[in-house]
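> Mind looking over this structure? Questions follow.
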Amino acid sequence: MIPFNKPYLTGKETQYIEDAVKSGKISGNGMFTQKCQQFFEQKYGFKKCLLTTSCTDALEMCAILADIQPDDEVIVPSYTFVSSALAFVRQGAKIVFADSYENNPNIDADKIEALITPKTKAIVVVHYAGMACDMEKIMALAAKYNLLVIEDAAQAIESYYQSPLTPPKGEKNFSPSGRSGGALGGIGHLAAFSFHETKNIISGEGGMLAINDDRFIHRAEIIWEKGTNRAEFFRGEVNKYGWVDTGSSFLPSEIIAAFLWAQIEHLDDIQNKRKQTWNTYYEGLKPLADQGFFRLPEIPDYATNNAHMFYLVCNSLEDRTKLIEHLKQKEINAVFHYLSLHSSEFYKNRHDGRILKNCDKFADCLVRLPMFYELSLNDAKYIINSIKEFYQ
Ligand SMILES: *Cc1c(COP(=O)(O)O)cnc(C)c1O
(Lines give C-alpha, C1' and ligand atoms only; values in the text may rest on other atoms or scores of the structure.)
Protein backbone atom coordinates (compact mmCIF):
# COMPACT_ATOMS: atom_id res chain seq x y z
CA MET A 1 0.00 0.00 0.00
CA ILE A 2 1.35 3.47 -0.84
CA PRO A 3 0.62 5.37 2.39
CA PHE A 4 -0.86 8.85 2.41
CA ASN A 5 2.01 10.17 4.54
CA LYS A 6 5.32 8.86 5.78
CA PRO A 7 7.35 10.95 8.22
CA TYR A 8 10.80 11.65 6.78
CA LEU A 9 13.92 11.42 8.93
CA THR A 10 16.96 13.35 7.76
CA GLY A 11 19.37 11.11 9.69
CA LYS A 12 20.64 13.52 12.34
CA GLU A 13 17.60 13.46 14.64
CA THR A 14 18.86 10.87 17.12
CA GLN A 15 22.34 12.37 17.21
CA TYR A 16 20.99 15.81 18.12
CA ILE A 17 18.68 14.27 20.72
CA GLU A 18 21.70 12.54 22.20
CA ASP A 19 23.57 15.87 22.20
CA ALA A 20 20.67 17.46 24.06
CA VAL A 21 20.56 14.64 26.60
CA LYS A 22 24.32 14.77 27.16
CA SER A 23 24.27 18.54 27.58
CA GLY A 24 22.33 17.97 30.79
CA LYS A 25 19.68 20.51 29.76
CA ILE A 26 16.60 18.70 28.46
CA SER A 27 13.75 20.94 29.61
CA GLY A 28 12.62 23.81 27.39
CA ASN A 29 14.27 26.98 26.09
CA GLY A 30 17.79 25.59 25.81
CA MET A 31 20.33 25.69 23.00
CA PHE A 32 18.31 23.78 20.38
CA THR A 33 15.14 25.75 21.09
CA GLN A 34 17.07 28.98 20.64
CA LYS A 35 18.77 27.80 17.47
CA CYS A 36 15.41 26.88 15.93
CA GLN A 37 13.78 30.16 16.97
CA GLN A 38 16.67 32.24 15.65
CA PHE A 39 16.63 30.36 12.37
CA PHE A 40 12.98 31.23 11.73
CA GLU A 41 13.40 34.83 12.92
CA GLN A 42 16.36 35.38 10.60
CA LYS A 43 15.14 33.47 7.56
CA TYR A 44 11.58 34.76 7.55
CA GLY A 45 11.90 38.07 9.35
CA PHE A 46 9.50 37.20 12.16
CA LYS A 47 10.06 39.60 15.03
CA LYS A 48 9.96 36.90 17.69
CA CYS A 49 9.44 33.14 17.58
CA LEU A 50 8.59 30.80 20.43
CA LEU A 51 8.55 27.03 19.91
CA THR A 52 5.43 25.38 21.32
CA THR A 53 4.27 21.83 21.92
CA SER A 54 1.85 22.08 18.96
CA CYS A 55 0.24 24.50 16.56
CA THR A 56 -2.92 24.08 18.62
CA ASP A 57 -1.02 25.42 21.64
CA ALA A 58 0.41 28.30 19.61
CA LEU A 59 -3.17 29.18 18.60
CA GLU A 60 -4.21 29.06 22.26
CA MET A 61 -1.43 31.51 23.02
CA CYS A 62 -2.80 33.73 20.22
CA ALA A 63 -6.28 33.63 21.76
CA ILE A 64 -4.88 34.66 25.17
CA LEU A 65 -2.68 37.40 23.66
CA ALA A 66 -5.64 38.72 21.65
CA ASP A 67 -7.42 39.00 25.01
CA ILE A 68 -10.49 37.21 23.69
CA GLN A 69 -13.34 37.49 26.22
CA PRO A 70 -16.66 35.64 26.45
CA ASP A 71 -19.02 36.85 23.72
CA ASP A 72 -16.30 38.35 21.57
CA GLU A 73 -16.65 37.27 17.97
CA VAL A 74 -13.85 35.73 15.95
CA ILE A 75 -14.14 35.14 12.21
CA VAL A 76 -12.73 31.74 11.21
CA PRO A 77 -13.00 29.82 7.93
CA SER A 78 -15.21 26.75 8.24
CA TYR A 79 -12.99 24.67 5.97
CA THR A 80 -10.12 24.12 8.40
CA PHE A 81 -8.85 21.95 11.21
CA VAL A 82 -10.66 22.05 14.56
CA SER A 83 -7.80 23.88 16.32
CA SER A 84 -8.23 27.08 14.25
CA ALA A 85 -11.57 27.59 16.03
CA LEU A 86 -11.07 25.63 19.25
CA ALA A 87 -8.39 27.89 20.67
CA PHE A 88 -10.83 30.83 20.59
CA VAL A 89 -13.83 28.81 21.80
CA ARG A 90 -11.81 27.95 24.93
CA GLN A 91 -11.62 31.69 25.68
CA GLY A 92 -15.42 31.88 25.36
CA ALA A 93 -15.55 33.42 21.88
CA LYS A 94 -18.41 33.04 19.48
CA ILE A 95 -17.08 31.76 16.16
CA VAL A 96 -18.48 33.39 13.04
CA PHE A 97 -17.65 30.93 10.28
CA ALA A 98 -16.64 32.23 6.86
CA ASP A 99 -16.94 30.52 3.50
CA SER A 100 -14.18 29.56 1.06
CA TYR A 101 -13.79 30.86 -2.47
CA GLU A 102 -15.54 28.89 -5.16
CA ASN A 103 -12.24 27.75 -6.70
CA ASN A 104 -9.93 27.81 -3.66
CA PRO A 105 -10.46 26.43 -0.12
CA ASN A 106 -9.04 29.60 1.49
CA ILE A 107 -11.28 32.15 3.23
CA ASP A 108 -13.06 34.39 0.69
CA ALA A 109 -11.61 37.80 1.54
CA ASP A 110 -14.45 39.61 -0.25
CA LYS A 111 -17.05 38.11 2.07
CA ILE A 112 -15.39 38.92 5.40
CA GLU A 113 -16.53 42.52 5.79
CA ALA A 114 -20.21 41.51 5.92
CA LEU A 115 -19.42 39.33 8.96
CA ILE A 116 -17.80 42.08 11.02
CA THR A 117 -19.83 43.46 13.95
CA PRO A 118 -18.92 45.71 16.91
CA LYS A 119 -18.11 42.50 18.82
CA THR A 120 -15.58 41.21 16.30
CA LYS A 121 -12.07 41.01 17.77
CA ALA A 122 -10.04 38.98 15.30
CA ILE A 123 -9.89 37.30 11.92
CA VAL A 124 -8.21 33.92 11.70
CA VAL A 125 -6.87 33.05 8.27
CA VAL A 126 -5.71 29.57 7.27
CA HIS A 127 -3.28 29.24 4.37
CA TYR A 128 -4.73 26.01 3.06
CA ALA A 129 -2.20 23.67 1.43
CA GLY A 130 0.40 26.34 2.24
CA MET A 131 -1.05 28.76 -0.32
CA ALA A 132 -1.51 32.34 0.83
CA CYS A 133 -4.85 33.93 1.62
CA ASP A 134 -5.40 37.40 0.15
CA MET A 135 -3.43 39.09 2.94
CA GLU A 136 -3.45 42.56 1.43
CA LYS A 137 -7.25 42.72 1.48
CA ILE A 138 -7.50 41.08 4.88
CA MET A 139 -4.91 43.36 6.53
CA ALA A 140 -6.68 46.40 5.09
CA LEU A 141 -9.98 45.24 6.61
CA ALA A 142 -8.29 44.61 9.93
CA ALA A 143 -6.85 48.11 9.91
CA LYS A 144 -10.22 49.66 8.99
CA TYR A 145 -12.06 47.91 11.86
CA ASN A 146 -9.15 47.70 14.32
CA LEU A 147 -9.07 43.90 14.37
CA LEU A 148 -6.24 41.46 14.93
CA VAL A 149 -5.24 39.03 12.20
CA ILE A 150 -4.02 35.62 13.31
CA GLU A 151 -2.47 33.38 10.66
CA ASP A 152 -2.98 29.66 11.09
CA ALA A 153 0.18 28.90 9.15
CA ALA A 154 0.25 25.23 10.22
CA GLN A 155 0.75 24.14 6.60
CA ALA A 156 2.60 27.22 5.40
CA ILE A 157 6.29 26.90 6.25
CA GLU A 158 8.52 28.27 3.46
CA SER A 159 5.65 29.86 1.55
CA TYR A 160 5.19 33.51 0.67
CA TYR A 161 2.73 36.26 -0.11
CA GLN A 162 4.00 38.40 -2.92
CA SER A 163 2.53 41.76 -3.37
CA PRO A 164 3.29 44.75 -5.54
CA LEU A 165 2.51 46.54 -2.37
CA THR A 166 1.01 49.86 -2.16
CA PRO A 167 0.11 50.33 1.51
CA PRO A 168 -3.64 50.85 1.91
CA LYS A 169 -4.43 54.59 1.87
CA GLY A 170 -3.86 56.26 5.20
CA GLU A 171 -2.05 53.23 6.54
CA LYS A 172 1.66 53.41 7.25
CA ASN A 173 2.18 49.70 7.08
CA PHE A 174 0.52 46.84 5.38
CA SER A 175 1.49 44.59 8.23
CA PRO A 176 2.36 45.21 11.90
CA SER A 177 5.77 43.82 11.01
CA GLY A 178 6.20 46.81 8.72
CA ARG A 179 6.49 44.58 5.67
CA SER A 180 4.22 44.25 2.76
CA GLY A 181 4.23 40.61 2.06
CA GLY A 182 6.97 38.09 2.41
CA ALA A 183 6.90 34.86 4.36
CA LEU A 184 3.54 33.57 5.48
CA GLY A 185 3.31 33.82 9.24
CA GLY A 186 5.03 37.19 9.06
CA ILE A 187 2.11 39.32 7.89
CA GLY A 188 -0.65 39.03 10.50
CA HIS A 189 -0.18 40.25 14.08
CA LEU A 190 0.40 36.68 15.26
CA ALA A 191 0.87 33.33 13.53
CA ALA A 192 0.97 29.66 14.44
CA PHE A 193 2.98 26.90 12.71
CA SER A 194 2.83 23.12 13.10
CA PHE A 195 5.61 20.55 13.08
CA HIS A 196 3.23 17.61 13.43
CA GLU A 197 4.49 14.54 11.57
CA THR A 198 2.12 15.24 8.67
CA LYS A 199 3.68 18.65 7.86
CA ASN A 200 6.69 19.51 5.69
CA ILE A 201 9.21 19.69 8.55
CA ILE A 202 8.37 17.79 11.69
CA SER A 203 9.15 16.97 15.31
CA GLY A 204 6.42 14.40 15.96
CA GLU A 205 4.20 16.86 17.76
CA GLY A 206 5.37 20.46 17.77
CA GLY A 207 4.60 24.00 16.76
CA MET A 208 5.64 27.61 16.91
CA LEU A 209 4.19 31.01 17.65
CA ALA A 210 5.46 33.87 15.46
CA ILE A 211 4.91 37.37 16.80
CA ASN A 212 5.01 40.27 14.36
CA ASP A 213 3.54 43.01 16.52
CA ASP A 214 5.94 44.31 19.21
CA ARG A 215 3.07 44.86 21.62
CA PHE A 216 2.75 41.12 22.19
CA ILE A 217 6.36 40.00 22.59
CA HIS A 218 6.82 40.61 26.31
CA ARG A 219 3.53 39.04 27.34
CA ALA A 220 3.95 36.05 25.00
CA GLU A 221 7.14 35.03 26.78
CA ILE A 222 5.33 35.10 30.12
CA ILE A 223 2.33 33.10 28.89
CA TRP A 224 4.77 30.59 27.40
CA GLU A 225 6.46 30.05 30.78
CA LYS A 226 3.38 29.29 32.92
CA GLY A 227 2.55 32.91 33.64
CA THR A 228 5.96 33.68 35.14
CA ASN A 229 8.66 36.16 34.19
CA ARG A 230 11.30 33.43 34.24
CA ALA A 231 12.71 34.32 30.82
CA GLU A 232 13.51 37.86 32.03
CA PHE A 233 15.07 36.42 35.19
CA PHE A 234 17.41 34.16 33.18
CA ARG A 235 18.46 37.13 31.07
CA GLY A 236 19.28 38.97 34.28
CA GLU A 237 16.67 41.66 33.66
CA VAL A 238 14.91 41.08 37.00
CA ASN A 239 16.42 39.67 40.19
CA LYS A 240 13.63 37.24 41.06
CA TYR A 241 10.81 35.68 39.14
CA GLY A 242 7.23 34.92 40.05
CA TRP A 243 3.64 34.60 38.94
CA VAL A 244 2.71 37.68 36.94
CA ASP A 245 0.01 36.63 34.41
CA THR A 246 -2.05 33.73 33.04
CA GLY A 247 -0.30 31.09 30.96
CA SER A 248 0.51 27.42 30.65
CA SER A 249 3.43 25.12 29.92
CA PHE A 250 3.53 25.85 26.21
CA LEU A 251 7.24 25.25 25.62
CA PRO A 252 8.52 21.92 24.28
CA SER A 253 11.50 20.06 25.73
CA GLU A 254 14.95 20.31 24.17
CA ILE A 255 14.48 16.77 22.85
CA ILE A 256 11.74 18.00 20.52
CA ALA A 257 13.77 21.04 19.51
CA ALA A 258 16.82 18.87 18.78
CA PHE A 259 14.70 16.73 16.45
CA LEU A 260 13.35 19.84 14.74
CA TRP A 261 16.84 21.25 14.24
CA ALA A 262 17.81 18.13 12.24
CA GLN A 263 14.81 18.82 10.00
CA ILE A 264 15.57 22.52 9.62
CA GLU A 265 19.05 21.67 8.35
CA HIS A 266 17.41 19.81 5.45
CA LEU A 267 14.63 22.29 4.73
CA ASP A 268 15.79 23.13 1.19
CA ASP A 269 16.25 19.51 0.22
CA ILE A 270 12.84 18.56 1.64
CA GLN A 271 11.16 21.43 -0.20
CA ASN A 272 12.84 20.62 -3.52
CA LYS A 273 11.78 17.01 -3.35
CA ARG A 274 8.18 17.82 -2.42
CA LYS A 275 7.91 20.40 -5.22
CA GLN A 276 9.18 17.86 -7.73
CA THR A 277 6.45 15.43 -6.67
CA TRP A 278 3.84 18.20 -6.76
CA ASN A 279 4.84 19.23 -10.29
CA THR A 280 4.82 15.61 -11.47
CA TYR A 281 1.24 15.24 -10.23
CA TYR A 282 0.21 18.56 -11.75
CA GLU A 283 1.63 17.90 -15.21
CA GLY A 284 0.39 14.31 -15.23
CA LEU A 285 -3.16 15.16 -14.22
CA LYS A 286 -3.63 18.39 -16.15
CA PRO A 287 -4.96 16.70 -19.34
CA LEU A 288 -7.74 15.04 -17.32
CA ALA A 289 -8.55 18.30 -15.53
CA ASP A 290 -8.71 20.06 -18.91
CA GLN A 291 -11.32 17.51 -19.96
CA GLY A 292 -13.40 18.47 -16.93
CA PHE A 293 -13.10 15.27 -14.89
CA PHE A 294 -11.96 17.19 -11.80
CA ARG A 295 -10.25 20.41 -10.83
CA LEU A 296 -6.64 20.99 -9.80
CA PRO A 297 -5.36 23.48 -7.21
CA GLU A 298 -5.41 27.06 -8.49
CA ILE A 299 -2.54 29.14 -7.17
CA PRO A 300 -3.50 32.84 -6.94
CA ASP A 301 -0.93 35.14 -8.52
CA TYR A 302 -0.04 36.56 -5.09
CA ALA A 303 0.68 33.11 -3.62
CA THR A 304 3.57 30.65 -3.77
CA ASN A 305 3.37 26.88 -3.53
CA ASN A 306 5.28 25.10 -0.74
CA ALA A 307 4.10 21.66 -1.89
CA HIS A 308 2.53 20.87 1.44
CA MET A 309 -0.32 19.02 -0.21
CA PHE A 310 -1.57 17.85 -3.57
CA TYR A 311 -5.33 17.67 -3.96
CA LEU A 312 -8.02 17.24 -6.62
CA VAL A 313 -11.56 18.54 -6.44
CA CYS A 314 -13.91 15.91 -7.83
CA ASN A 315 -17.18 16.84 -9.51
CA SER A 316 -19.34 15.17 -6.85
CA LEU A 317 -19.23 13.29 -3.57
CA GLU A 318 -20.16 10.14 -5.46
CA ASP A 319 -17.19 10.55 -7.84
CA ARG A 320 -14.87 11.10 -4.93
CA THR A 321 -16.08 8.06 -3.00
CA LYS A 322 -15.61 5.87 -6.06
CA LEU A 323 -12.19 7.34 -6.87
CA ILE A 324 -10.91 6.76 -3.32
CA GLU A 325 -12.24 3.20 -3.50
CA HIS A 326 -10.61 2.62 -6.90
CA LEU A 327 -7.27 3.89 -5.59
CA LYS A 328 -7.60 1.63 -2.55
CA GLN A 329 -7.95 -1.34 -4.93
CA LYS A 330 -4.72 -0.14 -6.52
CA GLU A 331 -3.01 -0.07 -3.09
CA ILE A 332 -2.98 3.75 -2.94
CA ASN A 333 -4.19 5.55 0.16
CA ALA A 334 -5.83 8.82 -0.97
CA VAL A 335 -7.87 10.66 1.66
CA PHE A 336 -10.50 13.37 1.92
CA HIS A 337 -9.98 16.28 4.30
CA TYR A 338 -11.96 18.61 6.56
CA LEU A 339 -15.64 18.33 7.38
CA SER A 340 -17.20 21.80 7.63
CA LEU A 341 -16.76 23.05 11.21
CA HIS A 342 -20.03 25.04 11.14
CA SER A 343 -21.98 21.79 10.83
CA SER A 344 -19.81 19.78 13.25
CA GLU A 345 -21.49 17.99 16.12
CA PHE A 346 -19.81 20.37 18.57
CA TYR A 347 -20.71 23.64 16.87
CA LYS A 348 -23.80 23.17 14.67
CA ASN A 349 -26.26 24.29 17.36
CA ARG A 350 -24.26 27.47 17.93
CA HIS A 351 -23.80 28.30 14.26
CA ASP A 352 -26.01 31.11 13.01
CA GLY A 353 -27.55 29.05 10.22
CA ARG A 354 -25.81 30.61 7.23
CA ILE A 355 -25.15 28.14 4.43
CA LEU A 356 -21.48 27.98 3.43
CA LYS A 357 -21.76 26.25 0.12
CA ASN A 358 -18.18 26.45 -1.13
CA CYS A 359 -16.86 25.06 2.12
CA ASP A 360 -19.39 22.20 1.99
CA LYS A 361 -18.33 21.47 -1.58
CA PHE A 362 -14.67 21.09 -0.60
CA ALA A 363 -15.75 18.92 2.34
CA ASP A 364 -17.58 16.63 -0.12
CA CYS A 365 -15.33 16.70 -3.17
CA LEU A 366 -11.69 17.34 -2.23
CA VAL A 367 -9.29 14.40 -2.18
CA ARG A 368 -5.61 14.46 -1.22
CA LEU A 369 -3.01 12.26 -2.92
CA PRO A 370 -0.01 10.69 -1.15
CA MET A 371 2.64 13.38 -0.60
CA PHE A 372 5.84 12.75 1.33
CA TYR A 373 9.59 13.04 0.82
CA GLU A 374 10.22 9.40 0.03
CA LEU A 375 7.44 9.03 -2.53
CA SER A 376 9.29 8.02 -5.70
CA LEU A 377 8.64 9.50 -9.13
CA ASN A 378 7.61 6.02 -10.23
CA ASP A 379 5.03 5.85 -7.47
CA ALA A 380 3.73 9.28 -8.44
CA LYS A 381 3.39 8.11 -12.05
CA TYR A 382 1.65 4.93 -10.95
CA ILE A 383 -0.82 7.05 -8.96
CA ILE A 384 -1.42 9.32 -11.97
CA ASN A 385 -2.02 6.30 -14.22
CA SER A 386 -4.40 4.77 -11.70
CA ILE A 387 -6.43 7.99 -11.73
CA LYS A 388 -6.42 8.02 -15.55
CA GLU A 389 -7.64 4.45 -15.58
CA PHE A 390 -10.54 5.42 -13.28
CA TYR A 391 -11.73 8.20 -15.56
CA GLN A 392 -11.32 6.28 -18.83
C1 LIG B 1 -2.06 20.52 11.37
C2 LIG B 1 -2.93 21.70 11.53
C3 LIG B 1 -3.22 22.23 12.81
C4 LIG B 1 -2.83 21.55 14.08
O5 LIG B 1 -1.48 21.41 14.28
P6 LIG B 1 -0.96 20.64 15.59
O7 LIG B 1 0.51 20.95 15.59
O8 LIG B 1 -1.25 19.19 15.38
O9 LIG B 1 -1.66 21.20 16.76
C10 LIG B 1 -3.95 23.40 12.88
N11 LIG B 1 -4.40 24.01 11.78
C12 LIG B 1 -4.16 23.53 10.54
C13 LIG B 1 -4.66 24.29 9.35
C14 LIG B 1 -3.43 22.35 10.38
O15 LIG B 1 -3.20 21.88 9.15
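The values are calculated or read from the model by the stated rules, or taken from the named source; none is laboratory data. Since we're looking at a predicted model, the values are computed, not measured. Cβ atoms come from the backbone with ideal geometry, glycine included; neighbour counts cover every protein chain shown. Side chains are part of the model used for accessible areas, which takes the heavy atoms of the whole protein and leaves out ligands, DNA and RNA. Shrake-Rupley method; radii C 1.70, N 1.55, O 1.52, S 1.80 Å.
> Using the Karplus curve 6.51 cos²θ - 1.76 cosθ + 1.60 with θ = phi - 60°, work out ³J(HN,Hα) for each residue of segment 90-99 in order, rounded to whole Hz, and write x for Gly and Pro.
Karplus-based 3J(HN,Hα) across segment 90-99 equals 5, 8, x, 6, 8, 8, 9, 7, 10, 8 Hz.
> Mean-square fluctuation check for the chain, GNM, Cα pairs under 10 Å: which of Phe259, Phe81, Phe233 is largest?
So, out of Phe259, Phe81, Phe233, the one fluctuating most is Phe233.
> I'd like the Karplus ³J(HN,Hα) series for segment 184-189: coefficients 6.51, -1.76, 1.60, θ = phi - 60°, whole numbers in Hz, and an x wherever there's a Gly or Pro.
5, x, x, 10, x, 5
> Another question, if that's okay. Show me the GluC sites (Glu not before Pro) within segment 68-154 that DSSP assigns to loop and that have at most 15 other Cβ atoms within 10 Å of their Cβ.
Glu102
> Return the FRET efficiency for the residue pair Lys22, Leu267: r is the Cβ-Cβ distance, R0 is 25 Å, and the value is rounded to the nearest 0.05.
The calculated FRET efficiency here is 0.50.
> Taking 7 Å along the Cα-to-C-beta vector as the label spot, tell me the Leu339-Lys322 distance in nanometres, rounded to one decimal.
The answer from the label model is 2.4 nm.
> About the Cα centre of the chain, how large is the charge dipole given +1 on each Lys and Arg Cβ and -1 on each Asp and Glu Cβ? Please answer in debye to the nearest 20.
180 debye
> Right, something else. Build a GNM of the chain with springs between Cα atoms under 10 Å: which of Pro287, Pro105, Pro370 gets the top mean-square fluctuation?
Residue with maximal mean-square fluctuation among Pro287, Pro105, Pro370: Pro287.
> Could you tell me whether segment 267-391 comes out rounded, prolate or oblate from its Cα gyration tensor? Rule is a ≥ b ≥ c as square roots of the eigenvalues, rounded for a/c under 1.5, then prolate if a/b exceeds b/c, otherwise oblate.
In terms of gyration-tensor shape, prolate.
> Taking the solvent-accessible surface of protein heavy atoms with a 1.4 Å probe, what is the per residue accessible area of segment 267-391 in Å²?
I get 47 Å² per residue for segment 267-391.
> May I pose another question? With the cut-off at 25 Å, tell me which of the pairs Lys25/Lys226; Lys48/Lys275; Lys25/Lys240; Lys48/Lys119; Lys111/Lys388 have Cα atoms farther apart than that.
Going by Cα-Cα distance, Lys48/Lys275; Lys48/Lys119; Lys111/Lys388 fall outside the 25 Å limit.
> Oh, and also: Give a residue-ordered list of calculated ³J(HN,Hα) values for segment 6-14 (Karplus: 6.51 cos²θ - 1.76 cosθ + 1.60, θ = phi - 60°; whole Hz; x for Gly, Pro).
Working through the residues one at a time gives 9, x, 9, 10, 7, x, 9, 4, 5 Hz.
> Next question. Probe 1.4 Å, all protein chains in place: accessible area of Trp261 in Å², nearest 10?
It works out to around 40 Å².
> List the residues, sorted by chain then number, that are 5 or more residues from Val96 or on another chain and whose placed amide H is less than 5 Å from its amide H.
Correct list: Val74, Ile75, Val76.
> With every protein chain present, what is the per residue accessible area of segment 13-264 (1.4 Å probe, Å²)?
38 Å²
> Something else now. Once each part is reduced to its C-alpha centroid, what is the distance from segment 112-131 to segment 19-49 in angstrom?
31 Å
> Okay, moving on. Which angle between 0 and 90 degrees, to the nearest 10, do you get for helix 55-65 versus the longest principal axis of the chain when only C-alpha atoms count?
Its long axis makes an angle of about 50 degrees.
> Right, something else. Restricting to bridges with both residues inside the chain, how much of the DSSP beta-bridge set is antiparallel, in percent to the nearest 5?
55 percent
> Would you work out which of Trp243, Leu296, Gln38 lies farthest towards the positive end of the dipole of the chain? Charges go on Cβ: Lys and Arg +1, Asp and Glu -1.
Comparing the listed Cα positions along the dipole, Trp243 ranks first.
> Ignoring ligands, DNA and RNA, what percent of the accessible area of the chain is carbon or sulfur (1.4 Å)?
On the chain, the fraction of accessible area on carbon and sulfur atoms equals 51 percent.
> Quick one: grab the alpha carbon gyration tensor of the chain, order the square roots of its eigenvalues as a ≥ b ≥ c, and give me rounded if a/c is under 1.5, else prolate or oblate depending on whether a/b is larger than b/c.
The shape class here is oblate.
> For segment 25-147, what proportion of DSSP beta bridges, expressed in % and rounded to the nearest 5, is antiparallel?
Around 10 percent antiparallel, to the nearest 5.
> Cut-off 10 angstrom, C-alpha nodes, Gaussian network model of the chain. Which of Tyr282, Tyr347, Tyr338 fluctuates the most?
For the chain, modelled as a Gaussian network with Cα springs under 10 Å, the answer is Tyr347.
> Under 16 Å from the Cα of Lys47, which lysines turn up, not counting those fewer than eight places away in the same chain?
Lys35
> From the helices alone, meaning DSSP H stretches of at least four residues, give me the mean residue ellipticity at 222 nm for the chain, per-run term -39500 (n - 2.57), in deg cm²/dmol to the nearest 500.
-11000 deg cm²/dmol
> Run the simple label-point estimate for Arg215 and Tyr241 please: 7 Å along Cα→C-beta, distance reported in nm.
2.6 nm
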